[in-house]
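Novice: After the structure tokens below, expect a handful of questions from me.
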Amino acid sequence: MTIDQLKSQIEEIINRLEGETLIDTNVKSKYLGKKGLFNSLVKEIRNIEGSDKKEAGQLFNQLKETLETKLSNISQTKKVVDIDFTMPAEETKVGHMHPISQAMEEITSIFEKIGFTRSRYPEVDWDWYVFESLNMPPSHPARDEWETFFVDTPEEVSEVSYDASNPRKRHPSLVGGKMVLTTHTSNGQVREMERLKNPPIRMINIARCYRRQQDATHTQMFHQFEGLVIDEGINIQNLKGTLDYFAKEFYGEGTKSRIRPFHFQFTEPSFEVDFSCHICSGTGIKDGDKCKFCKSGWHEVGGAGMVHPNVLKAGGIDPEKYTGFAFGWGVERTYTLKEGLNIDDIRLLYSGDLRFLKQF
Ligand code: FA5
């Protein structure tokens, strides 16, 4: 055989391969098998003239590579073609909203029904909104409770816009001073007063909060929802009525709320808010023993109180004319107390473990 004849035979093999139907299951052995076209052609090498043997060897190598590449493309395409259309379809995996997002939607709609509007404020905010405007001047000991993450701010920002002698004169979009990762949603209080300027205000602010805390009931990132109502004649009864309404809507008809005296710098008077335990119906006793879920009949969920006059002033609202109440609770804490959930470690919510998350 001459080298030219060899070339034309190789061409013929490649042309045949191009025309192969994809469903031919023997296509690979036909070309590369023991008795395949490649091997039968290789045998011809002994008939090639001596000086052309080297070129013939190279041509065989190229042919083998070409056949292998094309056949592997064919076998990949075949996988698609080999589908059995009569097989039942594989179940598509459908995701869903994270349980905390679901809880936030539920909380929002409960408050929207009674005229609250959801607002959103920065989660990295000026110290002014998080502490100072809330009656916690710099170096006030009450700040220690919040276990804050501070953020480095460029010095020029602080210097240009910070006017310690008259905080109200700071540029609203560039307040200056220190910045913090918001430790609570109460930073939305003065921001909402500045946004609306005049009461009535009925805000629900739900956002991420950050504190240097980590155990079964505390995470470094968590969510709070903050309610703020300001108008003429707002009093503690209005606060208590709102808490009772939420307790029934979120936890079910029989749930009661309770407020206990407490201290926050930004409310006066201040309270801690509890909801009755659904396991022991608020009695603290279950099957003759102390209720293991609540131990006392009640679960503490957050704080509340009447807005401090200094906070109203910081928001540009006349405390002689208007009064208001505010509350702030942890979404995770409020949610995990729901009947039937039985989540004793809120860190599970952020573990990313699908076996856990799929249950909600
Ligand atoms: C506050 O944050 C106040 N701003 C609440 C408030 C608002 C009082 C308006 C008065 C008026 P406190 O630090 O107690 O208060 O937090 C409230 C709730 O947030 C707690 O009861 C708890 O449910 C939740 N919480 C606080 N820290 C964490 C944390 N690290 N992880 C999870 N939840 C937390």
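The values are calculated or read from the model by the stated rules, or taken from the named source; none is laboratory data. Model, not experiment: these values are computed from the prediction. Note that we place each Cβ from the backbone using ideal geometry, even for glycine, and neighbour counts take in every protein chain shown.
Novice: Could you list, in sequence order, the residues of the range 257-278 that are surrounded by fewer than 17 Cβ atoms within 10 Å (Cβ to Cβ), touching a Phe, Trp or Tyr at 6+ places or on another chain (Cβ under 9 Å) and touching a residue at least 24 places away in the same chain (Cβ under 8 Å)?
Specialist: Once the filter is applied, which keeps residues that are surrounded by fewer than 17 Cβ atoms within 10 Å (Cβ to Cβ), touching a Phe, Trp or Tyr at 6+ places or on another chain (Cβ under 9 Å) and touching a residue at least 24 places away in the same chain (Cβ under 8 Å), the range 257-278 yields 262, 269.
Novice: Shifting gears a bit: Is it fair to say residue 195 is assigned to a strand (DSSP E or B), among the charged types (D, E, K, R) and surrounded by fewer than 20 Cβ atoms within 10 Å (Cβ to Cβ)?
Specialist: Taking the combined requirement at face value, the residue does not satisfy it.
Novice: Scan the range 245-272 residue by residue and report those that are under 14 Å from residue 299 (Cα atoms) and of a type in the set (D, E, K, R).
Specialist: 256, 258, 260, 272
Novice: For residue 223, work out the one condition from (1) under 27 Å from residue 133 (Cβ atoms); (2) within 12 Å of the ligand (Cβ to nearest atom); (3) surrounded by fewer than 15 Cβ atoms within 10 Å (Cβ to Cβ) it doesn't fulfil.
Specialist: Condition (3) is where residue 223 drops out.
Novice: Do you know which of the residues in the range 206-215 that are near the ligand (Cβ under 10 Å from one of its atoms) and either in a strand (DSSP E or B) or among the basic types (Lys, Arg) (or both) is surrounded by the most Cβ atoms within 10 Å (Cβ to Cβ)?
Specialist: So the residue we want is 209.
Novice: Given the range 232-342, what strands (runs of 3 or more DSSP E) lie entirely inside it while holding 2 or more residues that are within 14 Å of the ligand (Cβ to nearest atom) and polar (S, T, N, Q)?
Specialist: Counting at least 2 such residues, we get 267-276.
Novice: Return the residues of the range 215-233 that are in contact with a helix residue (DSSP H, G or I) (Cβ under 6 Å, 6 or more places away or on another chain) and either of a type in the set (Asp, Glu) or over 20 Å from residue 181 (Cα atoms) (or both); say none if nothing qualifies.
Specialist: If the condition is that a residue be in contact with a helix residue (DSSP H, G or I) (Cβ under 6 Å, 6 or more places away or on another chain) and either of a type in the set (Asp, Glu) or over 20 Å from residue 181 (Cα atoms) (or both), then 226, 228 are the ones that fit.
Novice: Right, next: Based on this model, can you work out whether residue 59 counts as more than 50 Å from the chain's Cα centre (by Cα) and either at pLDDT 80 or above or outside any loop (DSSP other than H, G, I, E, B) (or both)?
Specialist: Yes: the conditions hold for residue 59.
Novice: Could we say that residue 300 is surrounded by fewer than 22 Cβ atoms within 10 Å (Cβ to Cβ), in contact (Cβ under 8 Å) with a residue 12 or more places away in the chain, in the same structural domain as residue 225 (by TED's automatic domain parsing) and under 29 Å from the mean Cα position of the chain (by Cα) here?
Specialist: yes
Novice: Among the residues of the range 189-204, are any near the ligand (Cβ under 10 Å from one of its atoms) and hydrophobic (A, V, I, L, M, F, W, C)?
Specialist: No, that holds for no residue.
Novice: Right, something else. Test each condition in (1) closer than 16 Å to residue 183 by Cβ; (2) of a type outside the set (Gly, Ala, Ser); (3) within 16 Å of the ligand (Cβ to nearest atom) for residue 111 and report the one that comes out false.
Specialist: (1)
Novice: For residue 199, indicate whether it is at pLDDT 90 or above and more than 29 Å from the chain's Cα centre (by Cα).
Specialist: When the stated conditions are applied, residue 199 passes them.
Novice: Is it the case that the range 163-180 has a residue that's more than 13 Å from residue 328 (Cβ to Cβ), at pLDDT 90 or above and within 32 Å of the chain's Cα centre (by Cα)?
Specialist: Yes, there is a match, as at least one residue in the range 163-180 is more than 13 Å from residue 328 (Cβ to Cβ), at pLDDT 90 or above and within 32 Å of the chain's Cα centre (by Cα).
Novice: Which ones in the range 84-105 are part of a helix (DSSP H, G or I) and either of a type in the set (Gly, Ala, Ser) or touching a helix residue (DSSP H, G or I) at 6+ places or on another chain (Cβ under 7 Å) (or both)?
Specialist: 99, 100, 101, 103, 104
Novice: Can you tell me how many residues in the range 313-352 are touching a strand residue (DSSP E or B) at 6+ places or on another chain (Cβ under 8 Å) and under 30 Å from residue 198 (Cβ atoms)?
Specialist: 10
Novice: On the basis of being of a type in the set (Asp, Glu) and either surrounded by fewer than 17 Cβ atoms within 10 Å (Cβ to Cβ) or in contact with a Gly (Cβ under 8 Å, 6 or more places away or on another chain) (or both), does residue 232 make the cut?
Specialist: So residue 232 passes the test.
Novice: Right, another one. Those residues that are modelled with pLDDT of 95 or more, of a type in the set (Gly, Ala, Ser) and over 19 Å from residue 318 (Cβ atoms), I need them from the range 202-246; list them, please.
Specialist: Answer for the range 202-246, where residues must be modelled with pLDDT of 95 or more, of a type in the set (Gly, Ala, Ser) and over 19 Å from residue 318 (Cβ atoms): 207, 227, 241.
Novice: Would you mind finding the one in 59, 6, 37 that is touching an Asp or Glu at 6+ places or on another chain (Cβ under 8 Å) and more than 30 Å from residue 84 (Cα to Cα)?
Specialist: Just a single option satisfies the conditions, and that option is 6.
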